[in-house]
Amino acid sequence: MGVHDRTRESRSAWWLATALLAGVVLAAGVVAQSKRDVNVSARKYGFEPAEIRVQQDDLVYVTFTAEDIAHSFTISDDHYRIDRRAEPGKPASFRFRADKPGTFEIRCTLTIDDRCLRDMRAKLIVVGK
């Protein structure tokens with residue numbers, strides 16, 4: 001085996017090792033992001049659950065139902081800006097990436113019942129890495 005053959009084998013081995021390392025790094029990134037299914041129900045004058053806790057970078061799928069009158073699931077934060085409405089028998093489904101850590105207030109912003117607007121609160125807690 002000549003010097004050039006060994007050099008070619010070394011280069012091939014280097015490229016193979018680099019490709020394997022890149023694959024491991026990409027796979028680790030995919031594993032870190034998980035899917036979270038959350039069911040939230042609204043009823044005068046609260047949300048159930050009152051606290052939703054997810055990990056940063058989770059893809060959160062929400063099924064939002066209203067049990068008595070129409071309600072909204074609203075996060076008015078500059079980052080998330082979520083505003084979905086559900087009516088009895090007509091749930092709202094949506095998803096978002098929880099990419100900003102922190103605690104965010106969930107409110108009902110509909111004016112059908114002043115007490116809903118004033119008292120209905122829950123929390124989204126995104127736990128940072």
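Brief remarks follow.
- For region 82-129, the Cα gyration tensor yields ellipsoid semi-axes of 24, 15, 7 Å (square root of five times each eigenvalue, largest first, whole Å).
- Placing pseudo-labels 7 Å out from each Cα toward the beta carbon at residue 44 and residue 87 gives an inter-label distance of 1.8 nm.
- Sorted on the mean count of surrounding Cβ atoms within 10 Å across their residues, most packed first, peptides 35-43, 109-117 read 35-43, 109-117.
- Hits among lysines - C-alpha to C-alpha of residue 129 under 25 Å, sequence gap 8 or more where chains match: 35, 100
Where a number appears in this text, it was derived from the coordinates with a stated rule and is not lab data. Note that the structure is a prediction, hence the values are computed from the model and not measured. Because the Cβ atoms are built from the backbone with ideal geometry, glycine has one as well, and the counts that use them run over all protein chains shown.
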